[in-house]
1. Label A:Glu318 and A:Arg124 with points 7 Å out from Cα along Cα→Cβ: what is the distance between them in nm?
2. Mean-square fluctuation check for chain C, GNM, Cα pairs under 10 Å: which of C:Ala163, C:Ala78, C:Ala201 is largest?
3. Scan chain B and note any complete DSSP helix (H) whose C-alpha atoms cover at least 27 Å along its axis and whose Kyte-Doolittle average is 0.5 or more.
4. If you count the DSSP beta bridges with both ends in chain A, what percent of them are antiparallel, to the nearest 5?
5. In Å, what Kirkwood hydrodynamic radius results for the protein assembly as shown from the alpha-carbon pair distances?
6. What is the Å³ per residue value for the convex hull set by the Cα atoms of chain A?
7. Which is farthest toward the positive dipole end of chain B among B:Gly274, B:Ala115, B:Met224, measuring Cα position about the Cα centre, with Cβ charges +1 (Lys, Arg) and -1 (Asp, Glu)?
8. If neighbour count is taken as other Cβ atoms inside 10 Å, put A:Ile164, B:Ile73, B:Ile129 in order from fewest to most.
Amino acid sequence: MSLLSVQGLTVKFAMRNNTVTALNDISFDIGQGERVGIVGESGAGKSITGFSILNLLSRPGYIAGGSIMFDGQDLTKLSDKQFRTIRGNRIAMIFQDPMVTLNPVLTIGQQMVEQLQAHRRVSRKDAEIIAVAKLREVYIPAPEERLKQYPHELSGGMRQRIVIAIALLLDPQLIIADEPTTALDVTIQADIMELLLELCESNNVSLILITHDLGVVSQMTQRMLVMYAGRIIETGGTREIINDPQHPYTQGLINALPQQTLPGEKLRQIPGNMPALSAIPPGCPFHPRCGYAVPTCRTVRPELRRHGGSDVACIEVERLHGTTPHKVDYA
Amino acid sequence: MSNVESNLHSQTRWQKFRASNLGYSFLSNKVAMISMAVFVAIVVMAVFAPLIAPFDPYDPRQQDIMNSEMAPIWWAGPRDFTDPQFILGTDAQGRDLWSAILYGTRLSLMIGVCAVALQAFLGISIGLISGYVGGRTDSLLMRLADIQLSFSTLMVAIIFLAVTQALFGSEVFNRYAIFFLIAVIGVSEWPQYARTVRATVLAEKKKEYVDAAQVLGFGPIRIMVRHILPNSVSPIFVISTVQVANAIISEASLSFLGLGMPVSQPSLGSLISGGFEFIFSGSWWITTIPGVVLVVLVLVINLLGDWLRDVLNPKLYKG
Amino acid sequence: MKNEMTQTPLLQIDALEKRFALDHGFLETVKLRKGRIRREKREVHAVNGLTLDIKRGEALCIVGESGCGKSTVARLVAGLLNPSNGSITYDGKRIDTLTRREMLPYRRKMQMIFQNPYASLNPRMTIEQALTEPVKHHHPDLSAQGVRDKVVEVMRSVGVDPAWAPRYPHEFSGGQRQRIAIARALTVDPEFIIADEPISALDVSIQAQVLNLMLEAQVERGLTYLFITHDLSVVQHFGTRVAVLYLGTLCELSDTATLFANPKHPYTRALLSAVPKLDDQAPNHIRLRGEIPTPIDMPQGCPFRSRCTYANDRCAVERPVPAPQPDGSLVACHAVEEDRIETV
């Protein structure tokens, strides 16, 4: 049985005079210990997916339909009080900016002890011992001294390590990491990612990694979801998708990377922009930018179905393997 | 895409206003709408005072001492006289109070707006220079502002006006009282603007569009006026409302103390002051009615200012 | 090709240094240290003795992590900051000491593109105003029609429909804004463009569009680029030569192909290995030990030594100077010089 099962999740935002759909019928499963990447560009809805699992959507956003089953419980039906036993305890979240998680006026120790005591009956002393152990687990030198320090006294990489230590504090079953290294330098990013991978593997923790970086997804995850304009357009094994992407958007995303083109040649760009949530085109949301689009793409909304190594939402997927794209006139 | 475009262009101004953040919040805020209605009504009446007012309060020939202290027409006390000519009654000189209030509001508003314009001019220029140039110039100008702020407006005004009154004699003073008032209220409150503008300039100066303008070779004055100033208008707008209300109160206070407008040229303050001595002899309306007008005017301006501050503060409308 | 090599460089940066004072004003410099009151001025050493040439027609990339001083170099070259020491020479003329008015002719030749397209366009100016202003400023004698033609021409060349000119920046997406920012730089027909992380705020599919646009402009207008970035995969695609910076000092300077085929400096190697690649199955990078020293108190010797696995006693005292290598690159490393590093 899967640990987390999201079925038909739809999230809407009530705007001033209309309602926009930010997530449209999202379904996926994650098994215990499985690592899944959610990939997409800004506005694709990948962060909103993470937020809605933890019920962190703030007004005007709300879950308009679907279910989020976590270990047999439907998270969408929990009260705030019940949710508190889940959030931070059984599901932890790591944000892009460590200062979202860390309180600047409390020491690292105070924050970790508080977090522990909120969920477990432990004495202050025992809590500190656990905290030190967790800090050691994320390779923080001199952890006893760090407990007395304030977040601003630490470097960005160190802060993100501490955030990971806090996430691991209560031995969660699932970690949702939303662009955890985007704000960090590449050398630090590599360290943090390796650490996260190691910890997930050794503790058998499931991971949802939300990122725009296909390279990171490739290193970290077993399966991936590609999102576009609030929908999942392709899902399958990470290796399968990266080696043989089925959806034209996934192909475009991979081909647009500079490393996919010889130096000096023009990059293979995707024309146009991601549509705003208020102006998602009918039919396939990607059709205005797609080199394979046919007239039916404008009217028929593609459902996910198996092709190649993945499930793909494209009605023309059979045809496009073997043909070349036509030029897109994108206004 | 093209659909959206044609929609954008076919919109009227009113539709654009309704669709904007400002318009939306205005139309959904009753307090702002009522305040705006009252404010506009007062302003229109004040501006068209010469057309609306049945009498000219500046013309002594239209005043008859026999008509003095007439009560408002709805107030028929046992010892009071009323006359349907004088809707709100008359003051001690037999002047029609309704006409005097219309003209007085006009004068008060004018002094308020002109004083604030002067404050804004001084404050914005000093704030822009201070924030943009920085360094010693900034320190010097801001210390000047601190010194100016450490004297209360009324104290500076009282000293200045008392000295000028003594210096020029009350006849000359009365003739130019309006300019003295504008000058003194304008000069004493500029630091409010200077500080606000400086703070926004410091924030804007760090943005890349200012760097871009520098790289394009534009001069400092052009960058200050064409690039930074237009991006600082929201806070300027907000403090302007509050400052107009403050300036009107300052003017009224000074006139009440006898240092402002003379009785022959009634402002709201001098009307209140002129009627004050009759309040215990039963003619309450001479001082009360202009007082109510003053309170309502200042209140609606402040309510509008509060609303504007809430709308224009980006931190508030995100949540 | 040969001709290019003999030419004088378009831009010469010589022993460039920039320090920022941390303590402003007299009172902040007074500090209590071990029971005694002392005056102490702390400084951030953003750029420390950087020497670089940029040849006409090339795209020189400066790569490094946050705090390595790469943006400071861009701003120094653009004249937004004044160097604390050293000189910047453009086409044989020293430009870092010029006044704003003397600088004006160079403003036409040298333009800058910024990182954040949401901040680099004035939100209160329409696209038309933003593009017209520099044309009018630099060509006051141009007719109204001439100005309009120029604006339409640059808008077309960056792929923005000239019909959108009356709109405000907030009506555009990030990629479109960056195109407009590029258009604004092109209005004055520059020959040299400083690009400070121009694509790092954009989405992947949009990054490719903007990079292509910049490559096209380079070919069509014969531009020379100084391209600042933290993203090595972009460098491989875009740069002619690469300079790797660490704490404001040059680690390695070489042709792009040479650098990617045979990185020599230990830091360059770590940096290259840390970039996640599509065919990676797991993170496999060279681990750097230790913490990054702050640029406030610059360590003596090699700035990288606190994180370097090859550091020895000499690295702690003597600062390495960039030395030419057989393949034409410059590397500042004692370990490379002493041949202590095994080749890949």
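1. Each label point lies 7 Å from its Cα, and together they span 7.0 nm.
2. So, out of C:Ala163, C:Ala78, C:Ala201, the one fluctuating most is C:Ala163.
3. B:97-133, B:233-256, B:285-312
4. Approximately 60 percent, going by the DSSP bridge assignments.
5. 33.3
6. Cα convex hull per residue, to the nearest whole number: 155 Å³.
7. The residue sitting farthest along the positive end of the dipole is B:Met224.
8. B:Ile73, B:Ile129, A:Ile164
A short reminder: the numbers here are calculations on the coordinates, not readings from a lab. Here the structure is a predicted model, which is why all the values come from computation and not from measurement. Cβ coordinates were reconstructed from backbone atoms using ideal geometry, including for glycine residues, and neighbour counts include every protein chain displayed.
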